[in-house]
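Everything on this sheet refers to the single structure shown next.
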Amino acid sequence: MEAKRIRYPIGVQTFDKIIEGGYLYIDKTGYVHELADTYNYVFLSRPRRFGKSLLSSTFHSYFAGEMELFEGLEAGRLRKEWTRHPVFHFDMSTAKHLNEGQLQRILGYKLSEYEKKWGADSGIAEDDINARFERLVKAAVENTGEKAVIIIDEYDAPLLDVMNDKVRLPSLRQIMRNFYSPIKSLDPYLRFVFITGINKFAQLSIFSELNNLKNISMETKYSAICGISQKELEDNIQYGVQALADRQKISYDEALKLLKYNYDGYHFSEKSEDVFNPFSLVKALNA
């Protein structure tokens, strides 16, 4: 097998940039289409650097109706009508290591970017973030005539460094609970909600009111929704494995065994596929 050049998406976590830039992409859009067609509220827990942000971005493009990005992919084949929904995508990884005031301000900033877009400045107090969030979603639905989509990536990021801090955790958790609280009451205005994190949502009691949140984290059928499975590696990146074998002066099968030994071994249910850490795997193949 002759190795060919692959453009690996190291540090690129946005679906449109990966597709438009010609980077390697393992097609997960079938999962996206199925979840969008089956559920309204979905939660997924995965470790750091496991592809949660890319999956969130894929949902964003899917619901924003960016049909051209899905040409040749599974969702492009399956989806017949491409409705453009207003999408509110919050990346909470930018809200780490903050005190109460800083966290309030950055959440307000995230809302203000969308308020400019949808003209939702209704005179609500700047620090009343839950009321602003609610008004924002309603304004977008009113302006477009389509239900909204909310994507929250790494919902627990603002709290991870204070998980064991009995003084700081309660106040920061209350701010985040307050920010997310409108989601349940906005149900008539929402088409889909997707939330990712490292901790199971119940552990932080932030989404206690969302009793309809479907947790797919430990379901076998979604075990490879993030990461790269053994089959995906052999079907999509065999040339990368061969290039690694050539550099190491070993056989293809030996290179595959080395990759499995170092980066395989994640299992998210009793019958989970063997899943490779995508960041580590791609870094190794690109070395």
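The values are calculated or read from the model by the stated rules, or taken from the named source; none is laboratory data. Because the structure is predicted, anything quoted here is derived from the model rather than measured. Counting neighbours? That spans all protein chains shown, and the Cβs are built from the backbone with ideal geometry, glycine included. The area values use the complete protein model at the heavy-atom level, side chains included, leaving out ligands, DNA and RNA. Shrake-Rupley method; radii C 1.70, N 1.55, O 1.52, S 1.80 Å.
Is it fair to say Y222 is surrounded by 15 or more Cβ atoms within 10 Å (Cβ to Cβ) and of a type in the set (S, T, Y)? Yes: the conditions hold for Y222.
Restricting attention to the stretch 160-185 and to residues that are in contact with a Leu (Cβ under 8 Å, 6 or more places away or on another chain) and of a type in the set (K, R), the residue that is farthest from E134 (Cα to Cα) turns out to be R173.
Is there a residue in the stretch 61-68 that is modelled with pLDDT of 95 or more and in contact with a His (Cβ under 6 Å, 6 or more places away or on another chain)? There is at least one residue in the stretch 61-68 that is modelled with pLDDT of 95 or more and in contact with a His (Cβ under 6 Å, 6 or more places away or on another chain). Considering only the stretch 89-101, I want to know if a residue exists there that is more than 30 Å from P278 (Cα to Cα) and either touching a His at 6+ places or on another chain (Cβ under 6 Å) or not polar (S, T, N, Q) (or both). Within the stretch 89-101 (the criterion being more than 30 Å from P278 (Cα to Cα) and either touching a His at 6+ places or on another chain (Cβ under 6 Å) or not polar (S, T, N, Q) (or both)), the answer is yes, since at least one residue qualifies.
Which count do you get for residues in the stretch 1-60 that are free of Cβ contacts under 8 Å to residues at least 12 places away in the same chain, in a helix (DSSP H, G or I) and hydrophobic (A, V, I, L, M, F, W, C)? Matching residues across the stretch 1-60 total 0. Residues in the stretch 155-185 that are within 19 Å of L107 (Cα to Cα) and acidic (D, E) were compared, and the one that is least open to solvent (accessible area, probe 1.4 Å) is D156. Checked against (1) in contact with a Pro (Cβ under 9 Å, 6 or more places away or on another chain); (2) surrounded by fewer than 15 Cβ atoms within 10 Å (Cβ to Cβ), F50 meets all criteria but (2). Residue count for the stretch 258-271 satisfying the condition of being assigned to a loop (DSSP other than H, G, I, E, B) and surrounded by 19 or more Cβ atoms within 10 Å (Cβ to Cβ): 2.
Looking at A95, A36, just one residue is hydrophobic (A, V, I, L, M, F, W, C) and more than 21 Å from D187 (Cβ to Cβ), and that residue is A95.
Restricting A139, A125, A120 to those that are of a type in the set (A, V, I, L, M, F, W, C), part of a loop (DSSP other than H, G, I, E, B) and within 25 Å of T83 (Cα to Cα) reduces the list to A120.
In the stretch 143-169, the qualifying residues are those that are charged (D, E, K, R) and in a loop (DSSP other than H, G, I, E, B), and the one that is farthest from the chain's Cα centre (by Cα) is K166. Report whether or not D274 is farther than 25 Å from V42 by Cα and either of a type in the set (D, E) or open to solvent by 60 Å² or more (accessible area, probe 1.4 Å) (or both). For D274, the condition - farther than 25 Å from V42 by Cα and either of a type in the set (D, E) or open to solvent by 60 Å² or more (accessible area, probe 1.4 Å) (or both) - is not met. Please go through the stretch 208-257 and pick out each residue that is under 30 Å from Y41 (Cβ atoms) and part of a helix (DSSP H, G or I). Matches in the stretch 208-257: T220, K221, Y222, K231, E232.
Checking each residue in the stretch 80-97 for being open to solvent by 30 Å² or more (accessible area, probe 1.4 Å) and either in a loop (DSSP other than H, G, I, E, B) or touching an Asp or Glu at 6+ places or on another chain (Cβ under 6 Å) (or both) picks out K80, E81, W82, T83, R84, D91, S93, K96, H97.
Against the condition without any contact (Cβ under 8 Å) to a residue 24 or more places away in the chain, within 13 Å of E100 (Cα to Cα), of a type outside the set (D, E) and open to solvent by 10 Å² or more (accessible area, probe 1.4 Å), how does P188 come out, does it pass? So P188 does not fit the description; no.
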